Amino acid sequence: MPTISQLPAAAQITPADQVPISQSGSACSVNVGTLLAGTQPAIMIQTGSLFGRTSLGPGGPEPVAVGTGLSLSAATLAATGADHATFVLEGSLTLTDQAVLSSQGGPRLLPLALLRGLFSPGPNVAIDQNGTISASVAGNSAGGLDGYSISTLPTVSSIGANDLVAISQSGTDHTIPYADFVDGQTIDELPAAASGSDTDTFLVAQNGNVLVRQTMSEVWLWMSGKLATYQIPTLEITTNTTLNAASHNGHLLICSQPVTVTAAPTAMGSGFSCSVVNVSSGNVTLAGGIATSSGNPTLTVGQSARVICADYSGGTLVYASTSEPNSAASAPGQINGLTIGTVTSNSVALSWTPLSPSPTSYVIQYRITGTSSWSQGPSVSGSDCVVGSLSAATSYDFFVAGVNSAGAGTASAIVTAATNGTLSAPGQVTGLTAGNLTNSSILLGWSAPASGGEVGSYTVQYRISGNTSWQQAALGLTDTSFTMVGLMAATSYDFEVLAANAAGTGAASPAVTASTTAAGNSVTAITWNMVPSGSYTHAVGAIGVNIQVTPSNAPVQFGFSTSNSIPPTGWTAGTYVNTNLWGAYVNTPSTAGTWYAWAEGVDGSHTTVYPSAFTVT
């Protein structure tokens, strides 16, 4: 009997094909269709797929979908946790709520009450049963904080500009950088001090930038020790000079040339003083209205003078206390026979009778006729000379004096001559500048006109900015610079300069504006509060006025003027009322007319006029 492997292979299988079977011990045959009838057909699905069927009756398998939060991969069904997206949102938490967590790889439920137990409050912090966290620091009877002490904080040895300082502002706690905290302090935040005493203290930086305190008595000891070694500043004078406070106050002026020293009271100011010593070969002339103790306006060789300027009830005085002239030798006698020689448009020839014995030299002085300031001319050994560099068509006065070691002799009689030609007035001064600003002075400089006749002198005018009327500050100046002194602090001024000669005055320079600096306790703002009103009887009683002042502790003064552009000549000190209010009772003017009320800081700062006038009958 052949084996199954020896049988030929069937090309294909059909339901009618026969296969052998054993039935009840007998060999039988059955076709394939009958054999497979009633069996489940083979289900062919891809790996990773699910099928199922929930309906009754005949039918095939149905696909099963994997829902949210599950994944099927490589025959593995796993939870993804994504199903929480469909959960109902919880509006609030309670201690009975539960959260799901993983504990040692397994899911667990966590009561929220147990979760809160993981947290415990630190010092000065409390957590109530509802989970509210709050500070538990409270004040004690000593003004401190229970359970809190600043001594528990870390200690620092220095402080920097960006370190923070705690402050309370409008009831709310804040911090501020140390640099801003210190920079924000102003002196007017401090209470006013009483009269000074030796025990008063100052803040000083000593051998570094660390602040230490120093008493007034120690400061005075230091100053008094310095006074013994203080030396008066010395200035050599070689050209004709007009005195002013900025350059000459408190100085020792050594005249090494025979020059003219001229007073300008406005530029000098009340209280000005200086010493003038003549070490030149000729006389030094004191001009510009300087009254001398000797009655002689000249300082001979070796002679000196102490010059002062002072305001008093009679006006302004410029006075020179002169030393005794050198008596070791006799000064030359008076020159006689001074005559005019050849005259041109810019020169005048002079001659005179020589002295015997002959002096060391002859000096010539000249001025434009009608002016008071003399200019230094040539110094010659002979008995004639030519004075040049004069203006055309201008009248000049001349005198000559002999000079020897004892000084200058008596001057000759004055002679007058006019230069030839036609003189025109100077042109416009140019290049006016203002600099070297202080709280009471401004230095002016300018250039001579580029056109017109030769300048004989300059006039400086000024006004407070905003006013229309000009005031003269100085006239008869020969230099092209001038220091304006006696100005009010923190005030804007306009300045102009005019050149003049015998033919007239040129056009004023373009005005320049400059402001003085503020003084240490200057007024920066004034608001009128109570002003004069109605009509007042002259010389009867006083008129009450008051103003609001910034800064509030800056002292002020009041006065009345008949002008709304020119301040008063006399002032009445103000009295502090309260807050920033200052007031005074000012005597009613002694003359009838229209008057204006003025106020300013006692240092002359922020001079202010009330725009409406009042009447005095």
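Read-outs throughout are calculated quantities, based only on the coordinates presented, and are distinct from any laboratory measurement. Keep in mind that what you see is a predicted model, and the values were worked out from it rather than measured. Neighbour counts are summed over all protein chains in view; Cβ atoms, including those assigned to glycine, are modelled from backbone coordinates with ideal geometry.
Restricting to Cα pairs below 8 Å that are 6+ residues apart, what does the relative contact order work out to for the chain? Please round to a whole percent.
It rounds to 6 percent for the chain.
Pop out the ³J(HN,Hα) list for region 340-357 in order, Karplus 6.51 cos²θ - 1.76 cosθ + 1.60 with θ = phi - 60°, rounded to Hz; leave Gly and Pro as x.
Result, ordered by residue: 8, x, 5, 10, 10, 6, 9, 8, 9, 8, 10, 8, 7, 7, x, 8, 9, x Hz.
Placing one identical point scatterer on every Cα of region 234-322 and ignoring solvent, what is log10 I(q)/I(0) from the Debye formula at q = 0.13, 0.17 Å⁻¹?
-0.35, -0.60
Could I have the simple spin-label model distance between residue 104 and residue 13, label points 7 Å from Cα toward Cβ, reported in nm to one decimal?
Placing both labels 7 Å along Cα→Cβ, they lie 5.4 nm apart.
Could you tell me which residue out of 368, 608, 528 lies farthest along the dipole of the chain toward its positive end? Charges go on the beta carbon: Lys and Arg +1, Asp and Glu -1, centred on the Cα centre.
Of the options given, the answer is 368.
Where does region 430-515 land on the Kirkwood hydrodynamic radius, alpha-carbon pairs, in angstrom?
13.1 Å
Using only the Cα atoms, what convex hull volume per residue in Å³ does region 336-418 have? Write out the running numbers ahead of the final one.
Details: hull volume 6.9 nm³, N = 83.
Expressed per residue, the convex hull around the Cα atoms of region 336-418 is 83 Å³.
Take peptides 468-479, 163-174 and line them up by average Cβ neighbours within 10 Å, highest first, as a rough protection proxy.
Packing proxy ranking, top to bottom: 468-479, 163-174.
Magnitude of the Cβ-charge dipole of the chain, K/R +1 and D/E -1, about the Cα centre, nearest 20 debye? Before the final figure, lay out each step's value.
Working: 8 positive and 27 negative charges, 118 e Å.
So the magnitude is around 560 debye.
Sorting check: for 419-429, 93-103, which peptide has the highest mean count of neighbouring beta carbons within 10 Å, and how do the rest follow? Could the numbers behind the result be given before it?
Values: 419-429: 18.0, 93-103: 10.8.
Descending mean neighbour count gives 419-429, 93-103.
How much of the pair distance distribution for region 261-364 lies past 16 Å, counting alpha-carbon pairs only, in percent?
Roughly 66 percent, once rounded to a whole number.
In Å and on Cα atoms, what radius of gyration and Dmax does region 525-616 show?
According to the Cα coordinates of region 525-616, Rg and Dmax are 12.2, 35 Å.
With angles folded into 0 to 90 degrees, how steeply does helix 216-227 sit against the dominant principal axis of the chain? Use alpha carbons for both and round to 10.
50 degrees
Under a crude label model (7 Å from the Cα following the beta-carbon direction), how far is residue 436 from residue 206 in nanometres?
Using points 7 Å along Cα→Cβ, the separation is 3.7 nm.
Calculated from the structure, Rg/Rh (Cα atoms, Kirkwood Rh) equals which of [x] 1.50; [y] 1.22; [z] 1.00?
[x]
Based on DSSP H runs of at least 4 residues, each adding -39500 (n - 2.57), what is the mean residue ellipticity at 222 nm of the chain after dividing by all its residues, to the nearest 500 deg cm²/dmol?
-1500 deg cm²/dmol, from helical runs alone.
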